[in-house]
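Please read the structure below before turning to the comments.
The values are calculated or read from the model by the stated rules, or taken from the named source; none is laboratory data. Quantities reported herein were computed from a predicted structural model and do not represent experimental measurements. All Cβ positions, glycine included, derive from the backbone under ideal geometry; neighbour counts span all protein chains shown. Keep in mind that these areas ignore ligands, DNA and RNA; they rest on the heavy atoms of the full protein, side chains included. Shrake-Rupley method; radii C 1.70, N 1.55, O 1.52, S 1.80 Å.
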Amino acid sequence: MKINVKNVSKTYKETNALDNISFTLEEPKIYGLLGRNGAGKTTFMEILSGQILASEGEILIDGNNPFDNQLLTESICLIKEGDNFKKDLKVKNVLQIYAYFYPTWDQDLADELIEEYNLNLNAKVKTLSKGMASALGIIVGLSSKAPITIFDEPYIGLDAAARKTFYDMLLEEYETEKRTIIFSTHLIDEVSLMFEEVLILQDGKLVLKEEADVLRNQAYAVSGPIQDVEQFIKDKEVIKRKELAGMMTAYIYGDMEQAKSAGLTAEGIPIQELMIYLTEKKEA
């Protein structure tokens, strides 16, 4: 499903949560939606899922607006970090409701995940720990098989092993049946290798949209004698630098092959470092 974001702004009183953003997501991929708190990520996801309207502009999915459009929202599943389900419902009732709503629902997958996370079907949502509530959200998100599946910090309260299970299942399901997955997270180092494309928001603006492989090749650390590295980076975009015992390592954004051609050591740096850099720069 093609997602076309056209000059979208969202204002709350005097705060611009989104500020005239435009881009297109053309094909099923795993997209990393990154940014600091307050960058506008959740607002964007709520507009995309049809839960709220933009103040200006619009998001169209295959040419249609998702707001108040059940035929379209049956193809979109948004799982937020909390408050996804009515507190007084039992877990089994939540699953029945979502199985009814999503025509693509995979009950076999839901059953597998229920067993994996040892979720009590008769427990009420309000009695679940944060980890178990997150597990329920993950089960619904993956089992919906919605063509557009959105996860907004879906793992609150889950330990590292439980998060890894989620990542593994997500990748397994994605490889079996491609869909557009939009994943917003602060645990970037844990999941960045899953991303096929990265979008970074800052202060409601889109500051970067790029293929993840391109970013992995363009954000790198170059090391060598201080004088040689200083000479190499003088016309480069430097993220940060550090010196030790006559040697320097500089983190830069550019062409890694240039550093290797200059006889310096170069290696990629994590996407998280790049995100921090871009969202710190005032001119970003």
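List of remarks:
- Residue ID - farthest from the chain's Cα centre (by Cα), chosen from residues in segment 112-128 that are over 14 Å from residue 173 (Cβ atoms) and open to solvent by 40 Å² or more (accessible area, probe 1.4 Å): 122
- Of the strands (runs of 3 or more DSSP E) lying entirely inside segment 198-284, those carrying at least 1 residues that are hydroxyl-bearing (Ser, Thr, Tyr), touching a residue at least 12 places away in the same chain (Cβ under 8 Å) and more than 30 Å from residue 25 (Cα to Cα) are 219-225, 247-253, 265-268.
- Criterion: in a strand (DSSP E or B), at pLDDT below 95 and either in the same structural domain as residue 144 (by the TED database) or over 19 Å from residue 201 (Cβ atoms) (or both) - qualifying residue of 16, 84: 16
- Of the residues screened, residue 78 is not one that is of a type in the set (A, V, I, L, M, F, W, C), closer than 18 Å to residue 48 by Cα, assigned by the TED database to the domain that holds residue 191 and part of a helix (DSSP H, G or I).
- So residue 193, is it of a type in the set (A, V, I, L, M, F, W, C) and free of Cβ contacts under 8 Å to residues at least 12 places away in the same chain: yes
- Answer residue from segment 129-151, given it is open to solvent by less than 10 Å² (accessible area, probe 1.4 Å) and not in a helix (DSSP H, G or I) and is nearest to residue 82 (Cα to Cα) among those: 151
- When each of 66, 103 is tested for being open to solvent by less than 80 Å² (accessible area, probe 1.4 Å) and assigned by the TED database to the domain that holds residue 177, the lone residue that passes is 66.
- Filtered residues of segment 191-233 (kept if of a type in the set (Gly, Ala, Ser), open to solvent by 10 Å² or more (accessible area, probe 1.4 Å) and at pLDDT below 90): 192
- Scanning segment 176-190 for residues that are closer than 21 Å to residue 274 by Cβ and more than 9 Å from the chain's Cα centre (by Cα), we see that the one that is least open to solvent (accessible area, probe 1.4 Å) is 187.
- Some residue of segment 29-36 being closer than 24 Å to residue 212 by Cα, open to solvent by 40 Å² or more (accessible area, probe 1.4 Å), touching a helix residue (DSSP H, G or I) at 6+ places or on another chain (Cβ under 8 Å) and in a loop (DSSP other than H, G, I, E, B): yes
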